[in-house]
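Undergrad: Structure incoming, see below.
The values are calculated or read from the model by the stated rules, or taken from the named source; none is laboratory data. In this text, all values refer to a predicted model and were calculated from it rather than measured experimentally. Counting neighbours? That spans all protein chains shown, and the Cβs are built from the backbone with ideal geometry, glycine included. The protein model used for the area step is the full one, side chains on, heavy atoms only, and it has no ligands, DNA or RNA in it. Shrake-Rupley method; radii C 1.70, N 1.55, O 1.52, S 1.80 Å.
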Amino acid sequence: VQLQASGGGLVQAGGSLRLSCAASGRTFLVYAAAWFRQGPGKEREVVAGINWSQGTTYYADSVKGRFTVSRTGAKNTMYLQMNSLKPEDTAVYYCAEATRTYMRFDVLSDYDYWGQGTLVTVSS
């Protein structure tokens, strides 16, 4: 499977961006998917996740009320709508998919497939 993340770019503080993660070549059932980010000099952290079949969502406290994760009905693409962006949101954003049912959204090792990342830069 290949996960292709896109939609990153440069935006001013307070602005919005929508990231997309398109999957191809999938031959397994996805249990959950998520967006992670890694800022300069920081560890990779979960931003938002979604249960693939039920559509229930998970958000890091730092993005609650500003970011929204969703996926298409065909379940081939996941999105991250980012509003009210802040300079501290600057990072490379990655999408990931998990096939195991017993997993935690915030545990990197619970994910089986990763996209290549897309850079989001928020200027002050």
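Undergrad: Only one of Tyr79, Tyr93 is open to solvent by less than 40 Å² (accessible area, probe 1.4 Å) and touching a Lys or Arg at 6+ places or on another chain (Cβ under 7 Å). Can you tell me which? Working first, answer last.
TA: Working: Tyr79 fails: open to solvent by less than 40 Å² (accessible area, probe 1.4 Å).
Of Tyr79, Tyr93, the one residue that is open to solvent by less than 40 Å² (accessible area, probe 1.4 Å) and touching a Lys or Arg at 6+ places or on another chain (Cβ under 7 Å) is Tyr93.
Undergrad: Scan Ser70, Ser109 and give me the residue that is at pLDDT 95 or above, surrounded by fewer than 22 Cβ atoms within 10 Å (Cβ to Cβ) and in contact with a Phe, Trp or Tyr (Cβ under 7 Å, 6 or more places away or on another chain). Show your work before the answer.
TA: Numbers: Ser109 fails: in contact with a Phe, Trp or Tyr (Cβ under 7 Å, 6 or more places away or on another chain).
Every option except Ser70 fails the conditions.
Undergrad: Which ones in segment 112-124 are surrounded by fewer than 15 Cβ atoms within 10 Å (Cβ to Cβ) and either under 13 Å from Phe36 (Cα atoms) or in contact with a Lys or Arg (Cβ under 7 Å, 6 or more places away or on another chain) (or both)?
TA: Gln116, Leu119
Okay, residues lined up against (1) at pLDDT 95 or above; (2) not small (Gly, Ala, Ser):
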{"position": "Gly7", "(1), (2)": "yes, no"}
{"position": "Leu19", "(1), (2)": "yes, yes"}
{"position": "Gly25", "(1), (2)": "no, no"}
{"position": "Phe28", "(1), (2)": "no, yes"}
{"position": "Phe36", "(1), (2)": "yes, yes"}
{"position": "Arg44", "(1), (2)": "yes, yes"}
{"position": "Gly49", "(1), (2)": "yes, no"}
{"position": "Ser53", "(1), (2)": "no, no"}
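Undergrad: A further question follows. Of everything in segment 73-106, what is at pLDDT 95 or above and of a type in the set (Ser, Thr, Tyr)? Give them in sequence order.
TA: The answer is Tyr79, Ser84, Thr90, Tyr93, Tyr94.
Undergrad: In segment 29-52, how many residues are within 12 Å of Leu108 (Cβ to Cβ) and either touching a His at 6+ places or on another chain (Cβ under 8 Å) or among the β-branched types (Val, Ile, Thr) (or both)?
TA: Total meeting the criteria: 1.
Undergrad: Enumerate the strands (runs of 3 or more DSSP E) found wholly within segment 5-124, keeping only those where 1 or more residues are of a type in the set (Asp, Glu) and touching a residue at least 40 places away in the same chain (Cβ under 8 Å).
TA: Details: elements: 9-12, 17-24, 32-38, 45-51, 57-59, 67-71, 77-82, 91-98, 118-123.
Fully inside segment 5-124 and qualifying: 45-51, 91-98.
Undergrad: Sticking with this structure for a sec: Can you pull out the residues in segment 1-35 that are among the hydroxyl-bearing types (Ser, Thr, Tyr), open to solvent by less than 30 Å² (accessible area, probe 1.4 Å) and closer than 15 Å to Ala98 by Cα? Talk me through it step by step, then tell me what you get.
TA: Taking segment 1-35 first, the residues among the hydroxyl-bearing types (Ser, Thr, Tyr) are 6, 16, 20, 24, 27, 31.
So of that shortlist, the ones also open to solvent by less than 30 Å² (accessible area, probe 1.4 Å) come out as 20.
None - no residue of segment 1-35 is among the hydroxyl-bearing types (Ser, Thr, Tyr), open to solvent by less than 30 Å² (accessible area, probe 1.4 Å) and closer than 15 Å to Ala98 by Cα, so the list stays empty.
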